[in-house]
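Visitor: I have a structure I would like to understand better, so I am pasting it below and will then ask my questions one at a time.
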2 protein chains.
Amino acid sequence: MRMERPREVERFGAIRFGGLQKVFELDSGLKNDGLPGKGSTVIQISYEELYEIEKDMAIVVPIRKERLKLIEGVLCGIPHQCLTIIVSNSPISPVDRFAMEKHALEDFCHFVNKTALICHQKDPLFSTAFRNAGYTGILNKKGEVRDGKAEGMIIGIMLARLAGKKYVGFVDADNYFPGSVAEYVHEYAAGFALSRSDYAMVRIAWQSKPKIIKSRLYFRKWGRTSQHTNRFLNKLITDYSGYDTEIIKTGNAGEHAMTTELAMILDYSTGYSVEPYEIVNLMEKFGGVTESLFPEVMKTGVEVYQIESRNPHLHEAGDTEHVEQMSYVAMQVIYHSPLCTQELKKEILKEMYERKFIKKGKAPPKPQLFPALCFISLKSFFKDIEAADCAQLIKEGNL
Amino acid sequence: MRMERPREVERFGAIRFGGLQKVFELDSGLKNDGLPGKGSTVIQISYEELYEIEKDMAIVVPIRKERLKLIEGVLCGIPHQCLTIIVSNSPISPVDRFAMEKHALEDFCHFVNKTALICHQKDPLFSTAFRNAGYTGILNKKGEVRDGKAEGMIIGIMLARLAGKKYVGFVDADNYFPGSVAEYVHEYAAGFALSRSDYAMVRIAWQSKPKIIKSRLYFRKWGRTSQHTNRFLNKLITDYSGYDTEIIKTGNAGEHAMTTELAMILDYSTGYSVEPYEIVNLMEKFGGVTESLFPEVMKTGVEVYQIESRNPHLHEAGDTEHVEQMSYVAMQVIYHSPLCTQELKKEILKEMYERKFIKKGKAPPKPQLFPALCFISLKSFFKDIEAADCAQLIKEGNL
C-alpha cells in the first residue's frame, strides 16, 4: 500500500480527524524501501508491515440472507492472516440458511487451512450472556438479541476481544468484488500502521459507487446521503471550533475498523445510524466538551484516519427506502447528542420537516443506544457462551 | 494467493495444458505455511514467492485513447515490484494525448518512487529498428509500426526482453477495478510459481463479466465469443488426440503472461486473433506434429496454466462489432493453421457462412502473421532505439 499522509488535520478535544487520504499503489512491495524520505507526502506501507498488523486483526462480516456466492467472494478477499468472524442473522426456517452458511465457511476453511468463527445473532447463549451482564438493551421482547447490523457488530467486537485481537474491522457481505474487500482490509492495516495511539479508527470513503443509469455505468463519487451526513457532522465540529470544515468524508462508512481498545469504550446506536454515531460518540466522549470517563484516553488521544479506496464500490443494490432512512437516522443521532447546539438542532429539524421525515412541530424520537462494552465482564460473558462452537475455537487458541 | 492445482492436464506433444484453476484466497500470507501437505489439491503461493517472481516481471499495458482516469487506476493496481511498460498508440493531434499519458505516468512514478517505461507505437525509432531487423511485416505502407494491440504487445515484449525481465504479462487499460489488475498480476506470478519449465504461459479466465441487462447487473460467466473460440481450439486438440476435451477455457484471454523466453519464440498474429493464435502457434511449434525449430524446447516442454480470476471483469464497454470480429478472426487463424484437419476446416466454413462472415464458396483470407522475435538481433535493435527515453532508462538499469 502506498498512500498520502493526511494533509489536513482537524482537532476536536483529544480527537485527531485526518483528512481523506489518496491511495497510489495497492501493493507497494515486500519491504520498506526507505523512500521517499522527509518532506514527502506519500508513504509506503510494505506488505510486511500490513501483514504484521493483519495477523492481529479480526474482520467481522455481519450477514443476513446474502447470497452464498457473494459471501464466498468476500471470504476469498479477506487476507489469510486475519481472523474472520461471521455473525449471521439469516433465517433458519423454512430453509436453514445459517446451516448453509456454516457449511460454506467450513468448506472454505478446509481448503485454505484457516480457522474462522461463525455464530448466529439469535443464539440463546449470546442472549443469556448479555442478560447476565445487564446489557439488556440489545435484547428484544422475546429476550433474543435484536435484529440489526449494529447488534451483529457488537457480537463481533466481543468475539474479537475474546480472541485477543488488537484490531477489529468490518466488511459488508454484499460486495461483488473480492479485490475490494482485500483493499479495504489492507487500508485498515495501513491506517493503523500510521497511527500513534492505541485508540484509532480507520474509515473508508469509496472513490466511487457505480450506478446503472440508462444501461450505462455512472461512477457517482458522492452519494447524497453521505454528503448530508458529512455536512451535519462537519457542522457539529464547526459549532465548537468556529472554523468551517469539510474534514469528515466518511460519516456513513460501513467499511471501517478500530483498535479493539477503542471499540470497547465506544457507545453504539442501532441500525443505519451506527456508523455516523461512532463519530458523534467519539466527539462526546473525547471532545473535551464534557468531562471524559476515560481520562487515560484523553491523554493518549484518539486518531481517525479516512482513506479513499481505489476500487469502485459495487454491491448488491439496496432499495431507496434504506437511503432515506440512513439520512434520517444520521440526523437523529446528531440531534440528540448533548453536543448539538440549538442552531444545529433547528437546521436538522428544518431538513427533517422538508423531507417529511417527521411531522412539523415534532422532534425526532431519541435513538436507541448501547453503552460501551468495556462494562461487561469478559470472563463471565465467555463462561456464558462457552458451549458455542466459536467459543470453543477461541478456547483452543491459535486464531 | 491460494488456489487449486490443475486437476486435469491435456498433453499435446511437448505442451501441457492445465485445466482451469480456482482461486481460494487472494492473499494467503507472507510466508509458506507448509500446509496443506501431500495429497491436497489446494496450494498456497506466499506473498514472498509472488514478490520474487513479480520483481522479474514486466507488465505491458497497450493503450489507445483510454481515459486517463482508467489508466491511473490500472497503474495503481500493478504491484510496485513489476516493471510497467506502457505502449501507447494514442493520437498526438489535435490534442497530444500521448503527452498527457506521459505526464500522468511521470506524476505517478514520482509519487510512488518507481521507474516505468512508456513509448509510442509510432515512434520512428521503433519503425527504423524493425526495418533494419528485416521485421517489416509490422510496418504499414507509410513505414510506421501498424495500428493494433498485437503490434503494441510486440513492442512491449521487445522492451521487456531488453530490460532483462524473465516474465512478461499483459493487462488492458480499460479496467475499472485496480484490484482486478492486482489480482491478474498475482495470478500470473502464481502460475509461474507452479511451473517447472522456462517456457510457460499463464492465461486468465474471468469468473464473470457483468453485463447491464434491464438496469441490473447480470454476471455472465461464458461469453459467446469465448465459448466459440474455446470450442474450436479444443476441437483442434481432439482431432489429434482422439479424445473429446474441454481443456481450453482461455482462447480469447487478453489477460495473460509468458516467460520472456517463450514470448520470444512464438509467432504472433494481428488484431483480435493474437490471443487464440498464441495457442494455435504453440501447438504448431511444440505439438510434435511437424518437426520443431526449437528441439531444446521440445525437450523441456511448454506449460500453459489457466486460472479463473475471482473479481468480475468490468471494463469499458466495447461495441458488438468487436465481438463478432473476435469470433471471426479466431476461426480464421485456426482454419489456416497447418494443423487444421479437413473436417475442422469444413466445420469452420459452415459456421462462417452461417454467420455471414464470408460469402458462400469462399475461404477466409490468410491472416497476417509476425514471425518470432528471437530472430531479431537485440543488440542492433537496441542501438536503433537508443535515443528513445525508454531505451535510456533501460540503459541506466535498475528497473
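The values are calculated or read from the model by the stated rules, or taken from the named source; none is laboratory data. Note that the coordinates shown come from a computational prediction; the quantities given were computed from them, not determined experimentally. Positions of Cβ are backbone-derived with ideal geometry, glycine not excepted, and every protein chain shown enters the neighbour counts.
Visitor: Quick one: A:Met264 ticks every box in (1) among the hydrophobic types (A, V, I, L, M, F, W, C); (2) in contact (Cβ under 8 Å) with a residue 40 or more places away in the chain; (3) under 24 Å from A:Val74 (Cβ atoms) bar one, so which box is it?
Guide: (3)
Visitor: Determine whether B:Tyr176 is in contact with a strand residue (DSSP E or B) (Cβ under 8 Å, 6 or more places away or on another chain) and closer than 13 Å to B:Ala257 by Cα.
Guide: No, not satisfied.
Conditions tested, residue by residue: (1) under 24 Å from A:Ile59 (Cα atoms); (2) away from chain B (no Cβ under 14 Å); (3) of a type in the set (S, T, N, Q).
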| site | (1), (2), (3) |
| --- | --- |
| A:Ser197 | yes, yes, yes |
| A:Ile204 | yes, no, no |
| A:Ile213 | no, no, no |
| A:Leu217 | no, no, no |
| A:Trp222 | no, yes, no |
| A:Thr225 | no, yes, yes |
| A:Lys235 | no, yes, no |
| A:Asp239 | no, yes, no |
| A:Ala253 | yes, yes, no |
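Visitor: Here is a follow-up. Considering A:Val145, A:Val171, which residue is crowded, with 19+ Cβ neighbours inside 10 Å, farther than 18 Å from A:Glu275 by Cα and of a type in the set (Val, Ile, Thr)?
Guide: Exactly one of A:Val145, A:Val171 is crowded, with 19+ Cβ neighbours inside 10 Å, farther than 18 Å from A:Glu275 by Cα and of a type in the set (Val, Ile, Thr), namely A:Val145.
Visitor: Looking at this structure, is A:Thr84 closer than 24 Å to A:Glu183 by Cα, among the β-branched types (Val, Ile, Thr), within 18 Å of the chain's Cα centre (by Cα) and not in a helix (DSSP H, G or I)?
Guide: Criteria met by A:Thr84.
Visitor: Of these, A:Thr225, A:Thr245, A:Thr229, which one is among the β-branched types (Val, Ile, Thr), in a helix (DSSP H, G or I) and surrounded by fewer than 22 Cβ atoms within 10 Å (Cβ to Cβ)?
Guide: A:Thr225
Visitor: Here are some residues: A:Lys69, A:Lys22, A:Lys31, A:Lys55. Which one is in contact (Cβ under 8 Å) with a residue 24 or more places away in the chain and more than 24 Å from A:Val168 (Cβ to Cβ)?
Guide: Numbers: A:Lys69 fails: in contact (Cβ under 8 Å) with a residue 24 or more places away in the chain; A:Lys31 fails: in contact (Cβ under 8 Å) with a residue 24 or more places away in the chain; A:Lys55 fails: more than 24 Å from A:Val168 (Cβ to Cβ).
Being in contact (Cβ under 8 Å) with a residue 24 or more places away in the chain and more than 24 Å from A:Val168 (Cβ to Cβ) holds for just one of A:Lys69, A:Lys22, A:Lys31, A:Lys55, which is A:Lys22.
Visitor: Can you give me the number of residues within region B:62-71 that are more than 9 Å from chain A (Cβ to nearest Cβ) and not in a loop (DSSP other than H, G, I, E, B)?
Guide: 5
Visitor: Oh, and also: Considering only residues that are at the interface with chain A (Cβ under 9 Å from one of its Cβ atoms) and either surrounded by fewer than 20 Cβ atoms within 10 Å (Cβ to Cβ) or basic (Lys, Arg) (or both), which ones fall in region B:49-59?
Guide: Passing the criteria: B:Glu52, B:Lys55.
Visitor: To continue, here is another question. Filter region A:14-48 for residues that are among the charged types (D, E, K, R) and surrounded by 19 or more Cβ atoms within 10 Å (Cβ to Cβ); which is farthest from the other protein chains (Cβ to nearest Cβ)?
Guide: As a first pass, look at region A:14-48 and keep what is among the charged types (D, E, K, R): A:16, A:22, A:25, A:27, A:31, A:33, A:38, A:48.
Filter once more, so that each one left must be surrounded by 19 or more Cβ atoms within 10 Å (Cβ to Cβ): A:16, A:25, A:27.
Working: A:Arg16: 24, A:Glu25: 5, A:Asp27: 4 Å.
This residue is A:Arg16.
Visitor: Kindly list, by first and then second residue, each pair from a residue in region A:323-341 that is over 20 Å from A:Ile237 (Cβ atoms) to a residue that is crowded, with 18+ Cβ neighbours inside 10 Å and among the β-branched types (Val, Ile, Thr), limited to pairs with Cβ atoms under 7 Å and residues at least 6 apart or on different chains.
Guide: A:Val323/A:Thr225; A:Met326/A:Thr225
Visitor: Name the pairs: first residue in region A:156-185 and more than 14 Å from every other protein chain (Cβ to nearest Cβ) and closer than 23 Å to A:Asp198 by Cβ, second residue β-branched (Val, Ile, Thr) and part of a loop (DSSP other than H, G, I, E, B), Cβ to Cβ under 8 Å, at least 6 apart or on different chains?
Guide: A:Met158/A:Ile376
Visitor: Looking only at residues that are under 24 Å from the mean Cα position of the chain (by Cα) and within 14 Å of chain A (Cβ to nearest Cβ) in region B:110-142, which one is surrounded by the fewest Cβ atoms within 10 Å (Cβ to Cβ)?
Guide: B:Thr115
Visitor: Same structure, new question: So which of A:Arg203, A:Arg196 is basic (Lys, Arg) and part of a loop (DSSP other than H, G, I, E, B)?
Guide: Of the residues listed, the single one that is basic (Lys, Arg) and part of a loop (DSSP other than H, G, I, E, B) is A:Arg196.
Visitor: Could you say which residue among A:Glu347, A:Glu321 is at pLDDT below 95 and either surrounded by 22 or more Cβ atoms within 10 Å (Cβ to Cβ) or more than 14 Å from chain B (Cβ to nearest Cβ) (or both)?
Guide: The unique qualifying residue is A:Glu321.
Visitor: Please specify each residue of region A:72-101 satisfying the condition of being more than 21 Å from A:Arg146 (Cα to Cα) and more than 14 Å from every other protein chain (Cβ to nearest Cβ).
Guide: A:Met100
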